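Structure first, commentary second.
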2 protein chains.
Amino acid sequence: MTAHPGPVQPTSGATSALCPVALDDVTFAADGFFGRWQRRNATGTLPHCIAQLQVSGALDNLRLVTGEATGEFRDMWFADSDVHKTLEAAAWQLTSNPDDERLRAFVDATAALLVKAQGDDGYLNSHYTVVKPELRWQELHYSHELYVAGHLIQAAVAAARAGVGDDLVAVARRCADLLVDRFGGADAPPGIDGHPGVETALVELFRVTGHRPYLDLARRMVDRRGHGVLDGERFGSAYLQDHVPVRQAEEVAGHVVRQLYLLAGVVDVAVETGDEELFDAARRLWDDAFGRKTYITGAQGSRHRDEAFGDPYELPADRAYGETCAAIASVHWNWRMLLATGESRYGDELERALYNAVAGSTSEDGTNFFYSNPLHLRTGHDGSHEDAPSQRLPWYSCACCPPNLARLVASLHGYAATTDDTGVQVHLYSAGAVRTAAGEVVTRTRYPWDGRVELDVTGPVPFTLALRVPGWCAEASVRVDGVPVDVRAEDGYLRLHRDWSDGATVTLDLAMPVRVVTAHPHVDAVRGCVALARGPLVYCVEQVDLPAGVVLEDVRVDPTAAFEPTGLPGVPVALTAPAATVPPGDDALYRTDVPEPAATPFRLTAVPYFLWGNRSPGPMRVWIPTTTTG
Amino acid sequence: MTAHPGPVQPTSGATSALCPVALDDVTFAADGFFGRWQRRNATGTLPHCIAQLQVSGALDNLRLVTGEATGEFRDMWFADSDVHKTLEAAAWQLTSNPDDERLRAFVDATAALLVKAQGDDGYLNSHYTVVKPELRWQELHYSHELYVAGHLIQAAVAAARAGVGDDLVAVARRCADLLVDRFGGADAPPGIDGHPGVETALVELFRVTGHRPYLDLARRMVDRRGHGVLDGERFGSAYLQDHVPVRQAEEVAGHVVRQLYLLAGVVDVAVETGDEELFDAARRLWDDAFGRKTYITGAQGSRHRDEAFGDPYELPADRAYGETCAAIASVHWNWRMLLATGESRYGDELERALYNAVAGSTSEDGTNFFYSNPLHLRTGHDGSHEDAPSQRLPWYSCACCPPNLARLVASLHGYAATTDDTGVQVHLYSAGAVRTAAGEVVTRTRYPWDGRVELDVTGPVPFTLALRVPGWCAEASVRVDGVPVDVRAEDGYLRLHRDWSDGATVTLDLAMPVRVVTAHPHVDAVRGCVALARGPLVYCVEQVDLPAGVVLEDVRVDPTAAFEPTGLPGVPVALTAPAATVPPGDDALYRTDVPEPAATPFRLTAVPYFLWGNRSPGPMRVWIPTTTTG
């Protein structure tokens, strides 16, 4: 089998601690958590996205350019990117299902369409070709032209690594050469897009082609940003990520997806150019983002207005924006930080986002999605607006999230493990197998439902197997062939160095008691509340699990009560505990007399957050007020 | 002196319980709370607005129509309304300062400009005349043409009642006749504006002119609304107040100012047509608005996105939108409800909004304003955006609020008292005098700083003096000429019926202890917190009053502690109490171990919310976490 490198492949010259494993060298078993998710993606989400490209007009827009269609431009002005992201997803998927002829046909037909739609100069953007040719490159704060080009390039990179869509790299190179030509020179205009994304794409194209000008252009774009050159009249320069140079930034700010896409590119540039100052900026911004501006689900973005980060500790549960694409971008960024440093905290945050914010965005059938991912849906919520619907929707007027999910999940096994000089590092636990030059690791586990992970390890020469001990885990133990090993996690990894040539079974036990979590006291929104978590999963309470007549907002839990795992149809591990319903007493909105609480006990059931809204849509909350607060 | 009727003058045929008192028959003494505010408005806010009309281009836009200016249209497409609102303010102000020649000159010049700018058909809108003549009446969901016409009409109504701006009523009538002609017929198009406001204006013009078609058109507009006829693609039909007919609505929803302006018009239509069903809808929506969707400051609008009402009990302190214009609209609506019913709760909410949300919007010098009025400005708040600045700004790109303040405050004495067949009702207490046919009431008081109100009452024949006992007041007592009177408040009013012909001094004592207020437990945002209030004033804690080094978010109060009034330079009554600073212990955003709190006691000072940000701009919060919650 050919080795198909997956997403994010630092060159050998990069200052990167870890190396990713090629996609064909990792598999998730079909009965594991990620294996099921990937199957749902392959049979549900990806075909759904391909079908929607036709319905939304995104493909027809490109056909308007080639003359294969007539009519009006439809959908968002950056809708080409939906095509590109779906194409990228299909390319990754073909590394797992090379015999899927329909998928291959989609890739080939779309690649051919793009070849035909590309201008002689390399320009490829249906909106600015069909609707606004005179404004080409003239309104970069708004146009998304470089953003769209970035997704084209990423699709081509995926196709090249998957060995499909033969002409796509040539298309992407022509496009990138045009960018270099136009924006790469010393006297060229700044060439920064109001929506970042092209930076990481250019670095990846450099990785595929070895053509240094792509990397140089990416670096230039990173450095030209932050000087207020974009027209920020409407949204402000932070929204456009143009308010402060990244090297000087102290806080993540503005539009979350734009900020995080930029930071993924920043890390790519930093590791390929050995730019420590730039990488330090990424570290600093990470500390701010994950120390003060991230939901317990890993979601980011506190504000609907401007789809933005909030102030420090401004993390409202009900109006969490938590865009799905932001959680995906968080996975991208954390993975790059992890590769660069080998530090487990990046794996921890990648895992948190993946199992909660990202997983929760998609329905169990894979064809309905949340765009925003709140942590509380109130009783009486008006869910009639697309920006805060009461349940997942099949598509959105801005449809960035579904194809973004498709491309992430199709390549998810690329994020499971890495190698370095010492051996193999396992970051994500799901039943499956990893094959590396050092050796092979076959994993059996019911994780995240159970903390036991069994790994059959073989290898011709001795190597170190490093197992991530998640930050949530206070007690990890390991046995080799049933014999306890006295080893402690260092820097978040349990490291076992030995001769595996006869094969050995490593049994990792990650203690998974129910955790009753509180937030930093500056998070006003959830004061007096606790969240329930077990393993990497955050739990929530849904109306459908409450006794008839109980209002979700009246539920109170005793944080010292015994919370126990239990089963529920369709939910491998639910949680249960004694709780109480405490009605408000009177209707007064503001009061000086606190009515005597009349608590009625009942047994509470909580389900994993990522599963919410799959049974009967209705009120939901992650943070539950405690009996001691009222 | 001529009697100049003030704003909102129900006809004798209206189903209205109370009659307003003409503006010249009420005065606020210069040394009282409202008297000072009015003086600041007259010397600060109003001249500032007049000057800004020149700077912003709003007047020049109209001069483009008349040919007196050349150049480009500037400012918002509905900027004519800034002119009209300022004109209305000037008209009301001239009833108090008839000798202000500069103000009179502004009114006369502006009236002349409007006369000249009006089309032969009565159309008067500079944007749609200069920039988009072809789209006149074609995009009512967006154009604000009727909204702007409404403010023109309101300016003319004020001018008519003030006896100034001779030609303005004729201008307004030509404009209104055009509306009747275009939108009044049975087969006419719906004629509803995405931004309500014209409804109440048409009813007021009917009141001035007696011309019934204006009232009929207003009623028609109320009834045509809510059937989804406006193009709601961008904002949704609730934003445009077109999602449900008012008669069927169960909840206030969408853009707050639009909702409240509409409801002011609904009450006007209902009382003038005796439409009980319509009035019941207003009552129902009031219960929802003030029972579940109003901040303790009287501010409304939980969401920056769409400037909208939130879900029930969604009342975040830090991201409160609480637009100034919404609080002004709340005063308008409550006053109409109070006139219609005579029920004190409407006076209570009018008072709450006035002393807190409205008063807090303006700086002490009267020339800087908040557009949004949060109840919490975090440490680390990014105040660089106009939509959530860290301090009041002199003007806004959408400058609806400052001239709206000017017109309200210039006519504020019109909201102090009313009459009915039984006598006189006093709703707002401020040093001053009320003269009515029944008798005269001269008030001395330091209210809201002190709960004692002394009223010298005279009158030729016996009448009932009704004194509102605010809902916040648990203990009210009254003496007449020093002799205690055993009377209890009924329906929120203490009623004294007697012969006042020899004159008598009524002493009303409204007990004003410091109140420690909690919110309904469904208001998640302020769980475990208390707010401090005294009389009608809500208090807040500002960074500037904290000991050096104390972080505002670490402050905790014991709700059972003794909160005591105290003095502070520039603050007649501040509050003080023992408090503690409790740092977070560690930096973890989410934790399972709660660090042992290390409380350091200190003496807390709280100041009236309306005064915040006048000393050193910085963090502020109304809701303070309690020591018992952490």
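The values are calculated or read from the model by the stated rules, or taken from the named source; none is laboratory data. Worth saying up front: this structure is predicted, and the values here are computed from it rather than measured. FYI the Cβ positions are ideal-geometry reconstructions off the backbone, even for glycines, and counts take in every protein chain you see.
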inquiry  = Any residue at all in the range B:394-411 that's over 30 Å from B:VAL453 (Cα atoms), part of a helix (DSSP H, G or I) and of a type outside the set (A, V, I, L, M, F, W, C)?
reply    = yes
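Could you grab me the full set of residues in the range B:517-568 that are among the acidic types (Asp, Glu) and at the interface with chain A (Cβ under 9 Å from one of its Cβ atoms)? Full working, then the answer.
If we filter the range B:517-568 for residues that are among the acidic types (Asp, Glu), which is where we start, we get B:524, B:542, B:545, B:553-554, B:558, B:564.
Within the range B:517-568, B:ASP524, B:GLU553, B:ASP554 meet the criteria.
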message = Looking at the range B:468-489, can you tell me whether even one residue there is touching a His at 6+ places or on another chain (Cβ under 7 Å), within 14 Å of chain A (Cβ to nearest Cβ) and surrounded by 21 or more Cβ atoms within 10 Å (Cβ to Cβ)?
response = no
ask   = Is there any pair with a first residue in the range B:217-245 that is touching a residue at least 40 places away in the same chain (Cβ under 8 Å) and within 14 Å of chain A (Cβ to nearest Cβ) and a second that is surrounded by fewer than 24 Cβ atoms within 10 Å (Cβ to Cβ) and outside any loop (DSSP other than H, G, I, E, B) whose Cβ atoms are under 6 Å apart and which are 6 or more apart or on different chains, and what are they?
value = B:TYR239/B:ASP306; B:LEU240/B:HIS141
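So, in the range A:562-585, exactly how many residues are more than 31 Å from the chain's Cα centre (by Cα), surrounded by fewer than 17 Cβ atoms within 10 Å (Cβ to Cβ) and in a loop (DSSP other than H, G, I, E, B)?
We begin by selecting, within the range A:562-585, every residue more than 31 Å from the chain's Cα centre (by Cα); these are A:562, A:577-585.
Among the residues that remain, those that are also surrounded by fewer than 17 Cβ atoms within 10 Å (Cβ to Cβ) are: A:562, A:578, A:583, A:585.
With in a loop (DSSP other than H, G, I, E, B) added as a condition, the list becomes A:562, A:583, A:585.
Residues meeting the conditions: 3.
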task = Output the residues belonging to the range A:433-456 that are buried (at least 23 other Cβ atoms within 10 Å of the Cβ) and either in a strand (DSSP E or B) or acidic (Asp, Glu) (or both).
result = A:VAL434, A:VAL441, A:THR443, A:LEU455
query = Just to be sure, is A:ALA588 part of a loop (DSSP other than H, G, I, E, B) and away from every other protein chain (no Cβ under 14 Å)?
reply = no
message = Quick check on the range A:259-271. Is at least one of its residues crowded, with 24+ Cβ neighbours inside 10 Å and within 14 Å of another protein chain (Cβ to nearest Cβ)?
response = yes
task = Filter the range A:539-561 down to residues that are buried (at least 18 other Cβ atoms within 10 Å of the Cβ) and aliphatic (A, V, I, L, M) and give me whichever is farthest from A:ARG378 (Cα to Cα).
result = A:VAL557
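Of all residues being out of contact with any Phe, Trp or Tyr (no Cβ under 8 Å at 6 or more places or on another chain) and in contact (Cβ under 8 Å) with a residue 12 or more places away in the chain in the range B:56-67, which is nearest to B:ALA105 (Cα to Cα)? Just the residue, please. Lay out the reasoning, then the answer.
Initial filter on the range B:56-67 (out of contact with any Phe, Trp or Tyr (no Cβ under 8 Å at 6 or more places or on another chain)): B:58-60, B:62-63, B:65-67.
Going one step further and asking which of them are in contact (Cβ under 8 Å) with a residue 12 or more places away in the chain, we end up with B:58-60, B:62-63, B:65-66.
Working: B:ALA58: 18, B:LEU59: 15, B:ASP60: 17, B:LEU62: 17, B:ARG63: 17, B:VAL65: 21, B:THR66: 19 Å.
Once the filter is applied, the top-ranked residue is B:LEU59.
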request  = Would you confirm whether any residue within the range B:607-625 is surrounded by 19 or more Cβ atoms within 10 Å (Cβ to Cβ), within 11 Å of chain A (Cβ to nearest Cβ) and part of a loop (DSSP other than H, G, I, E, B)?
outcome  = yes
key: Boolean, B:TYR321 is part of a loop (DSSP other than H, G, I, E, B), over 25 Å from B:TRP395 (Cβ atoms) and either more than 13 Å from chain A (Cβ to nearest Cβ) or over 10 Å from the mean Cα position of the chain (by Cα) (or both)   = no
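Restricting to the range A:519-535, name every residue that is part of a strand (DSSP E or B) and either under 24 Å from the mean Cα position of the chain (by Cα) or not assigned by TED's automatic domain parsing to the domain that holds A:PRO608 (or both). Reasoning before the result, please.
Taking the range A:519-535 and keeping what is part of a strand (DSSP E or B), we get A:519, A:529-534.
Hits for the range A:519-535 are A:ALA519, A:ALA531, A:LEU532, A:ALA533, A:ARG534.
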inquiry  = Consider the range B:293-306. How many of its residues are surrounded by fewer than 24 Cβ atoms within 10 Å (Cβ to Cβ) and outside any loop (DSSP other than H, G, I, E, B)?
reply    = 3
note = Exactly one of A:GLY274, A:GLY301, A:GLY226, A:GLY254 is out of contact with any Asp or Glu (no Cβ under 8 Å at 6 or more places or on another chain) and at positive phi, and that one is A:GLY274
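Would you pick out the residues in the range B:591-606 that are away from chain A (no Cβ under 11 Å) and surrounded by fewer than 24 Cβ atoms within 10 Å (Cβ to Cβ)?
Narrowing the range B:591-606 to residues away from chain A (no Cβ under 11 Å): B:596, B:598-606.
Within the range B:591-606, B:GLU596, B:ALA598, B:ALA599, B:THR600, B:PRO601, B:PHE602, B:ARG603, B:THR605 meet the criteria.
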ask   = Somewhere in the range A:203-224, is a residue part of a helix (DSSP H, G or I), within 27 Å of A:ALA22 (Cβ to Cβ), modelled with pLDDT of 95 or more and of a type in the set (Phe, Trp, Tyr)?
value = yes
message = Looking at the range B:444-453, can you tell me whether even one residue there is closer than 23 Å to A:ARG591 by Cβ and either in contact (Cβ under 8 Å) with a residue 60 or more places away in the chain or over 29 Å from the mean Cα position of the chain (by Cα) (or both)?
response = yes
query = Tally time: how many residues in the range A:490-515 are crowded, with 17+ Cβ neighbours inside 10 Å and assigned to a loop (DSSP other than H, G, I, E, B)?
reply = 3
remark   = Residue pairs within 9 Å by beta carbon, gap of at least six or interchain, first lying in the range A:550-564 and farther than 14 Å from A:THR627 by Cβ, second at pLDDT 95 or above and part of a helix (DSSP H, G or I), listed first then second, are A:VAL550/A:GLN543; A:VAL551/A:GLN543; A:LEU552/A:GLN543; A:GLU553/B:ASP524
request  = Go through the residues of the range B:567-580 one by one and say whether even a single one is β-branched (Val, Ile, Thr), touching a Phe, Trp or Tyr at 6+ places or on another chain (Cβ under 6 Å) and assigned by TED's automatic domain parsing to the domain that holds B:ASN614.
outcome  = yes
Residue that is farthest from the chain's Cα centre (by Cα) [pool: residues in the range A:233-290 that are in a loop (DSSP other than H, G, I, E, B) and of a type in the set (Val, Ile, Thr)] = A:VAL244
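Residues checked against (1) buried (at least 19 other Cβ atoms within 10 Å of the Cβ); (2) within 14 Å of chain B (Cβ to nearest Cβ); (3) modelled with pLDDT under 95:
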| position | (1), (2), (3) |
| --- | --- |
| A:LEU350 | yes, no, no |
| A:ALA353 | yes, yes, no |
| A:VAL358 | yes, no, no |
| A:PHE369 | yes, no, no |
| A:SER384 | no, yes, yes |
query = Which one is surrounded by the most Cβ atoms within 10 Å (Cβ to Cβ) among residues in the range A:197-240 that are more than 19 Å from A:GLU145 (Cα to Cα) and β-branched (Val, Ile, Thr)?
reply = A:VAL208
task = Being more than 7 Å from chain A (Cβ to nearest Cβ), of a type outside the set (S, T, N, Q) and touching a Leu at 6+ places or on another chain (Cβ under 9 Å) is the filter here, so list the residues in the range B:287-312 that pass it.
result = B:ALA289, B:PHE290, B:LYS293, B:TYR295, B:GLY298, B:ALA299
